[in-house]
Amino acid sequence: MFKLSEDGLKYVKSELTRYETKQSAIIRCLYRAQDENGGWVSPEVIQHLSEVMEIPAAQIEEVATFYTMFNKQKVGRYHVQVCCTLTCGMLGGRELTDAMMKEAGCKKTGETSADGLFTFSKVECLGSCDTAPMLQINRDPYIESLSTEKAVQLVRDLRAKAKGH
Amino acid sequence: MAESKYLTEHYGKPEYCTLDGYKKLGGYQVLEKALKMQPQQIIDEVKASGLRGRGGAGFATGVKWGFLPNNGEPRYLLCNADESEPGTFKDRLMMERAPHQLIEGMIISAFAIKAKKAYIYIRGEYTGPAAILEKAIAEAKAAGYLGKNILGSGFDLDLDLYIGAGAYICGEETGMISSLEGLKGQPKLKPPFPAVQGYLRKPTIVNNVETLAAVTYIIRDGAAGYRKYGTEKSAGTKLFSISGNVNKPGTYEVPLGYKLMDLINIECGGMKPGRKLKAVVPGGSSAPVITAEECERATLDYECLAQMGTMLGSGAIIVIDDSNCMVDVLSTITHFYHHESCGQCTPCREGTGWMEKIVHGIVHGEGKPGDIDLLLKIADQMKGRTICALSDAAALPVLSFVTKFRDEFEYFIREKKSKVRGGQIYAQMHA
């Protein structure tokens with residue numbers, strides 16, 4: 001069963017009164033719950049938020065399923081989202097994703113590597129076309145101006161970092 | 001003419017991000033002036049300046065403000081910082097380098113339209129700019145630029161940041177309003193337009209980041225001062241996001257009416273060595289593509305690009321050189337629109353899927369005779385038949401790519417390989 005932490009509950013309560021209507025708090029509360037649930041929005045997350053926010057689960061689910069940044073399936077510790085639209089597509093975003101996936105041991109996008117570290121998604125324009133190709137891991141700052149070599153090294157570095165902890 | 005740093009004058013200075021730094025460089029002085037004016041005077045000044053929406057549609061800002069009903073209902077100002085038109089990244093720069101510039105423009109604009117509550121809707125992926133804005137809003141509140149009785153004027157304004165979660169359609173103003181209401185970001189039928197019935201069915205003005213930032217400069221310099229830049233119908237400067245096969249991609253501010261080729265050759269340092277210009281998408285992925293020959297005649301203003309059958313859009317210029325296969329480039333665009341269609345309207349939901357399937361078929365060497373005509377027919381039937389403009393935005397690139405580079409599409413279908421990329425198909429091109 002998923003339950004928000006005490007701080008998480010406090011956060012949700014304050015968000016509920018932040019906007020003109022409490023429905024407007026759904027997105028921020030989903031982010032919070034997703035973070036506390038290891039990076040994805042499970043049916044239990046929706047049920048729990050529904051109870052805490054006193055909003056029908058269907059309304060929360062419709063938001064969770066409409067927007068791409070809520071993962072409806074488990075993802076690895078590093079959800080690597082590579083932009084492949086237009087400029088990034090022209091400048092190597094697609095090749096770079098394939099190379100990173102090979103290094104990480106993922107056969108296809110959406111699949112998590114056996115070590116549980118990596119999940120890859122090809123995503124749509126992230127608004128950083130002057131530094132193409134680029135990517136975003138989870139909701140962290142963009143990693144820009146990549147080459148295939150740099151991107152593959154990034155996978156190795158993240159793996160080493162994860163082992164170190 | 002050359003690059004004109006008007007809105008971006010201080011973007012190179014890191015302190016411009018902070019309240020103190022912004023104030024030292026003249027920040028919030030225009031707000032003091034504006035709060036002593038009558039709201040209608042500000043609206044008139046913005047109307048006279050000829051400012052047009054910088055998000056893509058290019059609608060006259062002052063005219064939009066004039067649509068607000070005079071019925072005493074609460075009204076809202078909503079800043080569109082969703083920036084998701086492929087190729088566009090200028091708003092991100094503005095929020096990162098000058099958050100207070102946006103906030104000052106918003107306070108002045110809210111005062112003009114008599115809104116007491118304003119939101120900035122920022123796309124969910126922009127976590128960095130969102131953190132910068134949160135900090136700047138808190139600074140402005142602490143300094144009395146937001147909240148009750150701003151600078152003793154009797155004007156109250158509450159400003160908050162709302163975060164999206166990944167959906168291109170939320171950049172469409174009624175889709176954005178749905179999202180702000182805590183719903184799926186699906187657009188609503190117009191009329192009623194948001195200025196009459198928007199957020200929570202109350203009058204709402206939705207303006208782009210750059211548009212709102214420009215308002216401060218119009219009040220500072222007056223409409224006539226603002227009009228020193230640009231052309232009669234395209235007044236002022238504009239920030240252009242340039243990406244693709246140029247030596248120095250980036251954001252450049254130039255007066256409207258600037259020559260496209262000057263921007264490419266002077267500001268962006270021209271094409272990569274040994275490469276030739278093939279095509280440009282001049283206003284974000286929704287704008288019809290223009291050929292190298294057309295680029296020679298193009299000036300960056302609303303009227304010239306409209307005459308050429310394309311648009312200035314969000315000012316996102318994607319430069320494509322002769323190493324690119326146009327079928328392959330279009331395949332990323334058709335994928336994008338299929339992914340981003342919200343699914344409400346059948347012509348868009350189905351049409352974007354069909355177009356993606358056909359273009360991807362061609363680029364994988366599985367094109368069939370008749371595909372080109374089928375694409376043109378589908379695209380044509382998607383125009384003007386849906387709640388919002390996404391369907392048209394998906395159709396226009398297909399129509400223009402296929403019409404202007406028909407030989408590449410015909411070759412790919414006939415020979416089962418690219419005319420450009422050494423006779424490859426998708427799997428080889430991207431190995």
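The values are calculated or read from the model by the stated rules, or taken from the named source; none is laboratory data. All values derive from a computational prediction rather than experimental measurement. Positions of Cβ are generated from backbone atoms using ideal geometry, with glycine treated the same way; all protein chains shown enter the neighbour counts. Side chains included, ligands, DNA and RNA excluded: accessible areas come from the protein's heavy atoms. Shrake-Rupley method; radii C 1.70, N 1.55, O 1.52, S 1.80 Å.
Quick notes
- Any hit, the stretch A:31-47, residues being open to solvent by less than 60 Å² (accessible area, probe 1.4 Å), more than 21 Å from A:LYS13 (Cα to Cα) and facing chain B (nearest Cβ under 9 Å): no
- Taking the stretch B:97-140 as the range and being within 14 Å of another protein chain (Cβ to nearest Cβ), closer than 19 Å to B:PHE155 by Cβ and in a helix (DSSP H, G or I) as the test, only B:ILE137 passes.
- Screening the candidates B:THR204, B:THR251 for the property of being open to solvent by 10 Å² or more (accessible area, probe 1.4 Å), closer than 23 Å to B:CYS79 by Cα and within 14 Å of chain A (Cβ to nearest Cβ) yields one hit, B:THR251.
- The residues in the stretch B:54-96 that are within 26 Å of A:THR131 (Cα to Cα) and either touching a Ser or Thr at 6+ places or on another chain (Cβ under 7 Å) or more than 14 Å from chain A (Cβ to nearest Cβ) (or both) can be counted, and the count is 12.
- Some residue of the stretch A:16-24 being under 19 Å from the mean Cα position of the chain (by Cα) and either modelled with pLDDT under 95 or more than 11 Å from every other protein chain (Cβ to nearest Cβ) (or both): no
- Filtered by the rule that a residue be open to solvent by 20 Å² or more (accessible area, probe 1.4 Å), among the basic types (Lys, Arg) and within 13 Å of chain B (Cβ to nearest Cβ), the stretch A:84-114 gives a lone residue, A:LYS102.
- Complete set of residues in the stretch B:369-403 that are open to solvent by 70 Å² or more (accessible area, probe 1.4 Å) and either outside any loop (DSSP other than H, G, I, E, B) or closer than 18 Å to B:MET326 by Cβ (or both): B:ASP373, B:LEU374, B:LYS377, B:ASP380, B:GLN381, B:THR403
For (1) out of contact with any Lys or Arg (no Cβ under 7 Å at 6 or more places or on another chain); (2) small (Gly, Ala, Ser), each residue gets a yes or a no:
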| site | (1), (2) |
| --- | --- |
| B:ASP328 | yes, no |
| B:GLY351 | yes, yes |
| B:GLY365 | no, yes |
| B:GLN381 | yes, no |
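- Residue list for the stretch B:277-319, restricted to those being in a strand (DSSP E or B) and buried (at least 24 other Cβ atoms within 10 Å of the Cβ): B:ALA279, B:VAL280, B:VAL281, B:LEU300, B:ALA316, B:ILE317, B:ILE318, B:VAL319
- Within the stretch A:118-131, the only residue that satisfies the criterion of being open to solvent by less than 20 Å² (accessible area, probe 1.4 Å) and among the aliphatic types (A, V, I, L, M) is A:LEU126.
- Residue match in the stretch A:140-150 (condition: assigned to a loop (DSSP other than H, G, I, E, B), outside the structural domain of A:VAL45 (by TED's automatic domain parsing) and touching a residue at least 24 places away in the same chain (Cβ under 8 Å)): yes
- Residue satisfying all of: in the stretch B:61-70; surrounded by fewer than 18 Cβ atoms within 10 Å (Cβ to Cβ) and in contact (Cβ under 8 Å) with a residue 12 or more places away in the chain; farthest from B:MET106 (Cα to Cα) among these: B:PRO69
- Filtering B:ALA110, B:ALA81, B:ALA34 for residues that are open to solvent by less than 20 Å² (accessible area, probe 1.4 Å) and more than 24 Å from the chain's Cα centre (by Cα) leaves a single hit, B:ALA34.
- Of all residues making up the stretch A:57-79, the number that are within 10 Å of chain B (Cβ to nearest Cβ) and part of a loop (DSSP other than H, G, I, E, B): 4
- The listed residues are B:GLU9, B:GLU3, B:GLU73, and the only one of them that is closer than 23 Å to B:TYR229 by Cβ, open to solvent by 10 Å² or more (accessible area, probe 1.4 Å) and modelled with pLDDT under 95 turns out to be B:GLU3.
- Condition met for B:GLU15 (of a type in the set (Asp, Glu), without any contact (Cβ under 8 Å) to a residue 60 or more places away in the chain, touching a Gly at 6+ places or on another chain (Cβ under 7 Å) and surrounded by fewer than 20 Cβ atoms within 10 Å (Cβ to Cβ)): yes
- Residues satisfying the stated conditions in the stretch B:339-355, i.e. within 10 Å of chain A (Cβ to nearest Cβ) and either open to solvent by less than 10 Å² (accessible area, probe 1.4 Å) or assigned to a helix (DSSP H, G or I) (or both): B:HIS339, B:GLU340
- One residue stands out among those in the stretch A:7-30 that are in a helix (DSSP H, G or I) and polar (S, T, N, Q): the one that is surrounded by the fewest Cβ atoms within 10 Å (Cβ to Cβ), which is A:SER14.
- Residue match in the stretch B:324-336 (condition: over 25 Å from B:GLY353 (Cα atoms) and crowded, with 16+ Cβ neighbours inside 10 Å): no
- Flag for B:HIS364 being over 19 Å from B:SER400 (Cβ atoms), within 14 Å of chain A (Cβ to nearest Cβ) and surrounded by fewer than 21 Cβ atoms within 10 Å (Cβ to Cβ): yes
- For A:ASP140, the conditions (1) surrounded by 20 or more Cβ atoms within 10 Å (Cβ to Cβ); (2) farther than 29 Å from B:THR334 by Cβ; (3) within 14 Å of chain B (Cβ to nearest Cβ); (4) not aliphatic (A, V, I, L, M) are fulfilled apart from (1).
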